[in-house]
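Reading through the structure tokens given below for one structure.
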Amino acid sequence: MNDTLSPGTIGRRQAAALPEQPPQLWKSVKPKKAYDAVIVGGGGHGLSTAYYLAKNHGLTNIAVVEKGWLAGGNTARNTTIIRSNYLWDESAAIYEHSLKLWETLEEDLGYEMFFSQRGVLTLAHSVSDVRSKKRNLYANALNGIDSEWLTPAEVKKLVPIINISEDVRYPVHGATYQPRGGIAKHDWVAWGYAKAASDLGVDIIQGTEVTGFDIRNNRVQGVHTSQGTIAAGKVGLVAAGHSSLLAELAGFSIPIQSRPLQALVSPLLEQVLNTVVMSGAVHVYVSQAHKGELVMGAGTDAFNSYSQRGGFHVIEHQMAAALELFPIFARAQVLRTWGGIVDIAPDASPIIGLTPVENLFINTGWGTGGFKATPGSGWVMAHTMANGRPHELNRPFALDRFETGHLIDEHGAAGVAH
Amino acid sequence: MLYIPCPHCGLRNETEFHYGAEAGVAYPEPNTLTDSEWAKYLHIRANPKGWLAERWVHYAGCGRWFNLWRNTITHEIGPAWLPFTTKPKAPGNIGQEGPRV
Amino acid sequence: MSEISFSFDDKSYKGHPGEPMAAALLRSGLLTITNSTYHGRPRGVVGLGVEEPNALVQLVSGTMESMLPATVIEVAAGLAARSLTGIGALPDHPEEARYDKTNRYVDTLVVGAGLAGLKAAEEHLRAGREVMLIDDQPGPGGHLRQLGQELPPALREVLAHKNLTYLCRCTATGLYDQNYIVAIERRSDHLGNAAPANRARIRVWHIRADQVVLATGAFQRPLIFANNDRPGILLSHAAATYVAVHGVRGFRTAVVATVDNQGYRDALRLHKAGVTVQGIYDVRPGAGGPSVDAARAAGIPVRFRATVLDTGSNTAGALDNVIIRDLDTNETIQIAADLLAVSGGWTPIVDLATHIGIKPKWSAEHAAFLVSHTTDRLRTAGMLAGDFGGDDDPSVYFGPALDEEQSRHAYIDLQRDATLHELRRAVGAGLHSIEHIKRYTTIGTAHDQGKTSGMLTIGALCQLNALSPGDVGTLSFRPPYVPVPFAALAGRERGPLSDPIRITPLHQWHVEAGAVFEDVGQWKRPWYFPEPGEGMEAAVRRECVAAREGVAVMDASTLGKIDIQGPDAAVFLDRIYTNMFSTLPEGQCRYGVMCKADGIVFDDGVTTRLGKNHFLMTTTTGGAARVLAWLEEWLQTEWPDLKVYCTSVTEHIATIALVGPKSRQLLQELVKDTDLSKAAFPFMHSREATIDDIPVRIARISFSGELAFEINVAWGYARHIWERLWALGAGYGLTAYGTETMHVLRAEKGYIIVGQDTDGTQTPYDLNMSWVVSKKKEFIGKRSFQLPHLKAAGRLQLVGLLPGNVDEVIPEGAYITVHNAGPDEQGKTPHTGFVTSSYYSPMLGRAFALALVAGGLDRMGEDVVVPVGKNLLRATICDAVFIDKENLRRD
């Protein structure tokens, strides 16, 4: 036998069993005639909004209305990277709030979701890349966010399989590292929120499409759905991938373009990567999930689409870059690819807050980075809906920033910000 | 990999093109607009589910901009037309059977 | 055919070249291939091809691909493999196999070379079309091959047709928009040691077809019953093929459980090969047709309304007996058997069709989801379209009623060890959507992607909720149809080919001079030119001093250059740049800034007016392509009335910057036909000249504030001019410098680098460049300067910083805080800007920096603090121009 497998990779490995799911998740119900508040969109952000409305603000006569199956949109279609080391103060504040919530979320919801703070590395590949990553680092320090600079040798120590040779096309010049960053099991996050919200009395209504809004005197009174009209004191639009369509139904326009963002997984592999590695310069975003599959994010397709599929050339292009960084991946396989529809704002930052219609609120524009914001987004959206005004963390992310010009431009710093 | 009909070069793979979002958003007379109207020009572009009249440029080919009807659900490609020429009608709705390829 | 040896789990086995490794292992009596991933239960071969859920192995020979089913690996000389428990390994030695890609445009692509596919190919060939036929098997025939039968002569002729390209071992992995198909062709593994060294192991085909015919066939599906995972339980078609075609002789006594007539055909094949078939247990109340008649005529006992309920194992864990339940009386009987052949109906392979959003439709008659989709560009054929051939009359049946204990070992997804029990728990937990159930149970997520388990899940849900499969719908299939190695997708785009490298005509000189390079986009640019033993700091200081006190030279050829011509060129530039260009006299140069419509600076550079209607624009190195695209976009889509033509000349014109007090003297030695004196050749003027009869264009442009000349010359002549400068330069102490020194020199003068001293949020006003913003004309972005935030007080503005410690170069990117500011109770420290550029200046004899500071232009002289790690560095805000504020040096 050609016994050239490296030590430690020979022999069958028995996988550890996954935790057993709870016997009861959420009750699927038919809509009531009226609610104090209706949240349109049953993804992670919508469910966390519902949960925090119930838990933090005592609003339990509320419903989450989902067109398809719960958490079947971007919650089910992302690479689950969690971090908070964003450049601008406004972004850092909301993502860090979110990360703090992540750190106690399993306890808070009483639900295991494989939240793992295995650290997130963001690689730099050129002199200017190093400069902008270091700026990010200094900004993080002032914002109280854990983030450190690693030399290529330190990167190699943390991720032994990475190629730090100077000979590759874009060598690794260093990296920022956020130790508190990590990953979580996406479905279980949504289910945890759904279960907790359902337990607090929130109605979870699936298979129900919002087809219009009952708006009188510029104030929303309810939503028209495929199951009839539901009266609502307040309505929150939390439907990534469909935000602009809902806004049009409510009579206003938002600066959002919807694009496919692709990702892929490999079959189960023995553990080779214990850290999340991101490289905006060469479009590699990779982690190894708990079961052992490599989860990789690719770039967005160039055009608007609602099709939840993208062009295969995007994946092929990414593979070339991935193998430069991780030669060991050559023998891994692409098992499944998929696309999610991400809502992208002109400044690559979210839009959370009031709309031109009274009592109608919106939460959109998370682009390629929404998963990590799931707890924080719901927290501030719930606050905004409950109080009729934004939380201090989402005030900068108001819709009117596009009129004042006060954009929060994360393009330069974040690239495709998985 | 969309197959895009460049009006000058014929069908070419998507990777030869760059995208330009909604077609037909003319540069307004800036000084007559309120901040809100100007912001709308700067930032708001159509994002429909279904047929979208959009702009592409064949940057790796003839380098020319043109407009195209494309369906954002099925990725069906409709007619292309040149800037400042008459916009063709949007193609009809898709059948129940699924996309025409 | 002669037998050869191969290795599996370090043991030697015999097999025929080209047969499935699974067949050879079974023939040798190896029933248990591995243990299951989570439950550790013994598992053996189940199927015939890529649907195989159990017999996953890793190649140890050749490339060592991480995971493949033994049912698709062909026996070849030198083959070695090891078993996996559903978890692959990644060896860390380099993968050296070759992978390539190719493109193909055809009239018709037929996927599947079974009877239906061959017939479709024949039709299209007859219509005069060029046809490509791809199939994942080693040879054509599909089902016929599995029966060990030859192709009819007519179809053999199809394969020989001159307009047909037939590829075996070529799997269509994805169907994409506009009939774009990605397929992978495995080209060398089956040759084993005999494979030519330079042959690509896998070729990725990108196929664009005018018409596509999907004739992908079907998988046989298993049934859900207790202990349905034991070695010795196979799909009936697989079992019969292994026995009848591949000569597997280990099975003596078989039981067949069926829902259709396929079970009868397979029972007969087993019987004819010498296996004792104890009985066919058919869930249907009765059955007819030639298959049934033939099995009965052979004396195989048949029992209707009966099926398998449970199984027992021997000490090795393999099948030992089968428990049959009478579906009317619920009585059970136990039958000894070492083979249980299961025929649960056919599942047409709908995967490719669903990739582009086609929804398969349930057909109760076929007990299957079918795709009968037909357009003028795409159609289906064969089993996928509902043409099942034989006399099948399947029952819609997925397994007997099981109690809770039985359900714990009734496997739906063998590879994930997901059972009926877990599926029931999922439903009990409130889940209805099949997508939720998949996620709760992990069914369908393993290497086989639910090829057999998908339909069983739908069936089990139907049983629980009294639904029809049509109500439940199929799981969504995503590309690829089978796992594809990363290496195949990367293809040849590895190493230096992973992204194009752009070099200037002087690159080789730089390499020979020992330059250290930096990547700027795709360009390789010299960063600095260290002398032996010199580090970056010393090299840059030496280069800076040479430029300021002697003469130094830089290769600026990467600058973007756009030739702009036409009667409206000047008007056009007035609209593009914030400042005026129509007033620029011919033969002169002007610095310009351009903004996007949002008022934010996006590129800058010097543009020279070569003639009344002719300009040469320069852009930043990284901005060249996007600036040209920007110009074209406005010309083509907004201002078609302007007669202007833009041409990229970046790689036509090389640019050599000769800088320093001695530059004039040195250059004048070379340039005989043009007076370079201050009076004859003023600053920001441009002249045509010759050097050694080579036409050049010389401009008095300075990005350092020093006396400087930019020599533009045709790309191919650059090395000559450069060498000539060096030949004469020895006497002047000519020094080469790189981008780092360029940065120091320009920063000393307060000149910005777009992208370094800007971050996509600065207006020209923020950069203290109100002088570059024309009040007299309209230009792109002007309206945005009136937006509230863009004219608000306290915006970040470009200033200089002088560190308190003259030797302390403050790190670029560091943030600036006000005096005594510390973290608030949330751990946040308020800041007032950040350092954009920071260097040591040999001329100043101290460190200095550029920074963007809130309201900075009104804060000259203010002391600030820059926290760097635990250190608090002190600095003073100052003007951004550090050297020669009076602009005396440039002349």
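The values are calculated or read from the model by the stated rules, or taken from the named source; none is laboratory data. Note that the coordinates shown come from a computational prediction; the quantities given were computed from them, not determined experimentally. FYI the Cβ positions are ideal-geometry reconstructions off the backbone, even for glycines, and counts take in every protein chain you see.
Given the structure, is C:Q406 assigned to a helix (DSSP H, G or I), crowded, with 19+ Cβ neighbours inside 10 Å, touching a strand residue (DSSP E or B) at 6+ places or on another chain (Cβ under 8 Å) and not assigned by TED's automatic domain parsing to the domain that holds C:D107? Answer is yes for this residue. Among the residues of the range C:475-512, how many are in a strand (DSSP E or B) and among the basic types (K, R)? Of the residues in the range C:475-512, 1 are in a strand (DSSP E or B) and among the basic types (K, R).
Among residues of the range C:159-181 being surrounded by 20 or more Cβ atoms within 10 Å (Cβ to Cβ) and among the small types (G, A, S), the one that is nearest to C:L109 (Cα to Cα) is C:A172.
Within the range C:844-891, being at pLDDT below 95, under 49 Å from the mean Cα position of the chain (by Cα) and in a loop (DSSP other than H, G, I, E, B) holds for C:G869, C:K870.
Looking at the range C:731-755, which of the residues that are farther than 28 Å from C:C595 by Cβ and part of a loop (DSSP other than H, G, I, E, B) is nearest to the other protein chains (Cβ to nearest Cβ)?
Going through the range C:731-755, the residues farther than 28 Å from C:C595 by Cβ turn out to be C:731-738, C:740-741.
Within this subset, residues satisfying the condition of being part of a loop (DSSP other than H, G, I, E, B) are C:733-734, C:737-738.
On the way: C:G733: 27, C:L734: 25, C:Y737: 15, C:G738: 11 Å.
Among those residues, the one meeting the criterion is C:G738.
Those residues that are in a loop (DSSP other than H, G, I, E, B), of a type outside the set (A, V, I, L, M) and crowded, with 24+ Cβ neighbours inside 10 Å, I need them from the range A:27-76; list them, please.
First, the residues of the range A:27-76 that are in a loop (DSSP other than H, G, I, E, B): A:27, A:29-33, A:41-43, A:58-61, A:66-73.
From what's left, of a type outside the set (A, V, I, L, M): A:27, A:30-33, A:41-43, A:58, A:60-61, A:66-69, A:72-73.
Across the range A:27-76, the qualifying residues are A:G41, A:G42, A:G43, A:E66, A:G73.
For C:A546, the test of being buried (at least 21 other Cβ atoms within 10 Å of the Cβ), modelled with pLDDT of 95 or more, within 30 Å of C:K524 (Cβ to Cβ) and among the aliphatic types (A, V, I, L, M) is passed. Considering only residues that are among the β-branched types (V, I, T) and out of contact with any Gly (no Cβ under 7 Å at 6 or more places or on another chain), look in the range A:342-356 and name the one that is nearest to the other protein chains (Cβ to nearest Cβ). The selected residue is A:T355.
Does C:A629 satisfy the condition of being part of a loop (DSSP other than H, G, I, E, B), surrounded by fewer than 20 Cβ atoms within 10 Å (Cβ to Cβ) and within 11 Å of chain B (Cβ to nearest Cβ)? When the stated conditions are applied, C:A629 does not pass them. Kindly check whether there is at least one residue in the range A:264-272 that is surrounded by fewer than 18 Cβ atoms within 10 Å (Cβ to Cβ), more than 30 Å from A:E358 (Cα to Cα) and of a type outside the set (D, E, K, R). Yes, some residue in the range A:264-272 is surrounded by fewer than 18 Cβ atoms within 10 Å (Cβ to Cβ), more than 30 Å from A:E358 (Cα to Cα) and of a type outside the set (D, E, K, R). Entry remark, the range A:303-341: residues being more than 7 Å from every other protein chain (Cβ to nearest Cβ) and of a type in the set (A, V, I, L, M) number 3 in total.
Between C:T442, C:T457, which is crowded, with 24+ Cβ neighbours inside 10 Å and either over 30 Å from A:I328 (Cβ atoms) or within 12 Å of chain A (Cβ to nearest Cβ) (or both)? Spell out how you get there, then give the answer.
Working: C:T442 fails: crowded, with 24+ Cβ neighbours inside 10 Å.
Just one listed residue meets the conditions, C:T457.
Listed residues B:L2, B:L42; which is closer than 29 Å to A:I351 by Cβ, at the interface with another protein chain (Cβ under 7 Å from one of its Cβ atoms), in contact (Cβ under 8 Å) with a residue 40 or more places away in the chain and buried (at least 16 other Cβ atoms within 10 Å of the Cβ)?
Numbers: B:L42 fails: in contact (Cβ under 8 Å) with a residue 40 or more places away in the chain.
None of the others qualify; the one that does is B:L2.
Conditions tested, residue by residue: (1) within 12 Å of chain A (Cβ to nearest Cβ); (2) part of a loop (DSSP other than H, G, I, E, B); (3) modelled with pLDDT under 95.
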| site | (1), (2), (3) |
| --- | --- |
| C:E52 | no, yes, no |
| C:Q58 | yes, no, yes |
| C:S61 | yes, yes, yes |
| C:E65 | yes, yes, yes |
| C:V72 | no, yes, no |
| C:A76 | no, yes, no |
| C:T85 | yes, yes, yes |
| C:P91 | yes, yes, yes |
| C:E96 | yes, yes, yes |
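For the range C:513-543, a tally of residues being under 41 Å from the mean Cα position of the chain (by Cα), in a helix (DSSP H, G or I) and surrounded by 18 or more Cβ atoms within 10 Å (Cβ to Cβ) returns 2. Being at pLDDT 95 or above and closer than 8 Å to C:A341 by Cβ narrows it down to one residue among C:D260, C:D266; which is it? Within the list C:D260, C:D266, the selection yields C:D266.
Looking only at residues in the range C:107-119 that are within 29 Å of the chain's Cα centre (by Cα) and buried (at least 23 other Cβ atoms within 10 Å of the Cβ), the one that is farthest from the other protein chains (Cβ to nearest Cβ) is C:G112. Within the range C:293-305, being of a type in the set (A, V, I, L, M, F, W, C) and either surrounded by fewer than 24 Cβ atoms within 10 Å (Cβ to Cβ) or not assigned by TED's automatic domain parsing to the domain that holds C:N330 (or both) holds for C:A294, C:A297, C:A298, C:I300, C:V302, C:F304.
Being of a type in the set (A, V, I, L, M) and farther than 20 Å from C:P285 by Cα is a property that C:A364 lacks.
Residues to consider are A:G201, A:G236, A:G212, A:G174; find the one that is surrounded by fewer than 16 Cβ atoms within 10 Å (Cβ to Cβ) and in contact with a Leu (Cβ under 9 Å, 6 or more places away or on another chain). If you could, list the steps in order and put the result at the bottom.
Details: A:G201 fails: in contact with a Leu (Cβ under 9 Å, 6 or more places away or on another chain); A:G236 fails: surrounded by fewer than 16 Cβ atoms within 10 Å (Cβ to Cβ); A:G174 fails: surrounded by fewer than 16 Cβ atoms within 10 Å (Cβ to Cβ).
Just a single option satisfies the conditions, and that option is A:G212.
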